[in-house]
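These notes concern the structure reproduced below.
The values are calculated or read from the model by the stated rules, or taken from the named source; none is laboratory data. Keep in mind it's a predicted model, so treat the numbers as computed, not measured. Cβ atoms come from the backbone with ideal geometry, glycine included; neighbour counts cover every protein chain shown. Note: accessible area is taken over every heavy atom of the protein model, side chains too, but ligands, DNA and RNA are not part of it. Shrake-Rupley method; radii C 1.70, N 1.55, O 1.52, S 1.80 Å.
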Amino acid sequence: MNKIKTRFAPSPTGYLHVGGLRTALYNFLFAQKNQGNFLLRIEDTDQSRLVKGADKQLIKILKQFDLKYDNTPIYQSKRTKIYQKFAEQLVKDGKAYYCFCTPERLTKMREEQIANKMPPMYDGTCRDLKSEEVATNLKAHKPFVFRLRVPINRDIKFTDLIRGEVSFNTSTIDDQVLMKSDGFPTYHLANVVDDHEMEISHVIRGEEWLPSTPKHILLYEAFGWAPPAFAHLPLLLNPNKTKLSKREGDVAVEDFLHKGYLPDALLNFIALLGWNPGEGSTKEIFSLEELIKEFDLNKINKSGAVFDIEKLNWLNGLYIRKLKVKELAKLCKPYLKQIKNTKLIEKIIIVEQERLKKLSDISQNLNFFSDKKIEYVASLLVWKKSTREATLENLVKLEDYLITLKETDFKSVKNLEEKITTWLKQNNFGVGDYLWPMRVALSGQQNSPSPFEITWVLGKKITLKRINEAQNRLR
Ligand code: GLU
């Protein structure tokens, strides 16, 4: 068998969709698994949809995820002459033709077809122009496109590696434009020419490209080239089974990274969207190396894959917990801009690591970890059936006790917990009656880390100050 070669062929039209990252990943994995090559091609021939800098952004993201490609990225916009040459060859061979129809005429034609409840398709006006007519039009400098001469009423069959036998009748396929009047090729022509020239053995791409495949097969046939193998990946779905869309939540890889999903966790999650290591396996945590080892095109599902953000949060939390405190502190820095003290950052990380689902969560509790005054309503300090008066009394007793502690007693959460709970027990004080107001006094919140954890981060001075402030609120 020829060497396995796959490619990722994004159009630089904006952000990278998570589905695009999955396509890149599967192409990478399949090539790696089979000691093949994985190539990057930037499909930038649609000048109207280009977004400046999107190509650089794509390249940066592939790097962040460690999806290494084996070539210098190919830009289709630099290859227009090549597509032109191939398109002209098709015209010469009678497989494509000049079309001089104006955009106005085509719009009118489409409107009429829609009004008559017909599928909007090119009506073939220029399909059989005589060579003299073509020559006259060219002489008059009439703008033109090249169209593919799609055979009439033929079934185009192919075997998709994921979907099995697929068949399209050419009656549903328009005479595709191959070269546009601006001299740029369309997606179909450039895609086929490049997959052929780059000797791509397997085209692995999203299901939305399935209807393009018969057009591509016709082009391969017209050129007399053997087509590659095709594998169309299942759609990504929202939990309500509609197509994953921006309206329902994030879809851009950039957005997930900004929120603090770790590349390794995100890639692990994305790998499992539509693929699993096989029946009986419950393994869900995969490094890139493990994915390369286990990946198999045969184990990709046909049906859509639900993008479950809860699962991503769970997985990301798991990866966060595996990080060393120093590493995590470094990653969290961009979310902790207001805090300059590295020691304090590390303390916050130690307290929060267990709870973080994504790095940006760290900024939620920052207020009470800073030395600023915190805001809350006094009634929040009162535990269940207790009263304001009793709460005030308890906070005074707590303050008196904490004053007696030495600075060294604040050296660890465990030590603080031991000291304070022993004191409560010895005096027969109710845990909730003391620890609830203590926690609220320190955090100002209903839910927060434990009072021992916050006390440890804040240190003796600020802890006492906050407890004092809480008393004043109750007076
Ligand atoms: N440029 C297409 C895209 O943006 C490539 C589709 C294909 O892989 O053929 O996804």
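Listed values, structure above:
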{"read-out": "Principal-axis tilt of helix 451-474 within the chain, Cα atoms, nearest 10 degrees", "value": "70 degrees"}
{"read-out": "In Å², nearest 10: area of Phe158 left accessible to a 1.4 Å probe", "value": "20 Å²"}
{"read-out": "Using alpha-carbon coordinates, inclination of helix 213-223 to the longest axis of the chain, degrees", "value": "40 degrees"}
{"read-out": "Residues with amide H under 5 Å from that of Ile300, placed H, sequence gap 5 or more", "value": "none"}
{"read-out": "List Lys33, Lys60, ordered by accessible area with a 1.4 Å probe, largest first", "value": "Lys60, Lys33"}
{"read-out": "DSSP-defined antiparallel bridges as percent of all bridges, the chain, nearest 5", "value": "55 percent"}
{"read-out": "In degrees, nearest ten, helix 309-321 long axis to first principal axis of the chain (Cα)", "value": "60 degrees"}
{"read-out": "Subset of Lys157/Lys302; Lys117/Lys243; Lys78/Lys130 violating a 22 Å alpha-carbon distance limit", "value": "Lys117/Lys243; Lys78/Lys130"}
{"read-out": "Cα-based reach from Lys299 at 18 Å (exclusive), listing aspartates and glutamates while leaving out same-chain residues under 8 positions away", "value": "Asp160, Glu165, Glu207, Glu279, Glu284, Glu289, Glu290"}
{"read-out": "Solvent accessible area, Å² - Val351, 1.4 Å probe, full protein context", "value": "10 Å²"}
{"read-out": "Whether the chain is rounded, prolate or oblate, judged on the alpha carbon gyration tensor where a/c under 1.5 counts as rounded", "value": "prolate"}
{"read-out": "Stokes-Einstein D in µm²/s, Kirkwood radius over Cα pairs - the stretch 436-475 at 4 °C with 1.567 mPa s viscosity", "value": "130 µm²/s"}
{"read-out": "Sparse-neighbour loop sites [GluC sites (Glu not before Pro); the stretch 41-104; at most 12 other C-beta within 10 Å; DSSP]", "value": "none"}
{"read-out": "Where the Cα pairs of the stretch 1-149 fall when distances are cut into 5 Å bins, in %", "value": "2, 8, 13, 13, 12, 12, 13, 11, 9, 6, 2, 0"}
{"read-out": "Relative packing of 379-385, 358-364, which averages over residues the other C-beta atoms within 10 Å, highest first", "value": "358-364, 379-385"}
{"read-out": "Within the stretch 207-253, trypsin sites (Lys or Arg not before Pro) in DSSP loop having at most 14 other beta-carbon neighbours inside 10 Å", "value": "Lys241"}
{"read-out": "5 angstrom amide H check on Phe8, placed H, neighbours 5+ away", "value": "Leu39, Leu40, Arg41"}
{"read-out": "Bins of 10 Å from zero: percent of alpha-carbon pairs in the stretch 350-409", "value": "16, 28, 40, 16, 0"}
{"read-out": "Solvent-accessible surface (1.4 angstrom probe) belonging to Asp433, in square angstrom, nearest 10", "value": "60 Å²"}
{"read-out": "Three semi-axes of the equivalent ellipsoid, the stretch 214-372, Cα gyration tensor, whole Å, largest first", "value": "40, 17, 15"}
{"read-out": "Cβ crowding within 10 Å averaged over residues, with 44-56, 20-32, 189-201 ranked highest first", "value": "20-32, 189-201, 44-56"}
{"read-out": "Any cysteine of the chain lacking a neighbouring Cys Cβ under 4.7 Å - listed by number", "value": "Cys101, Cys332"}
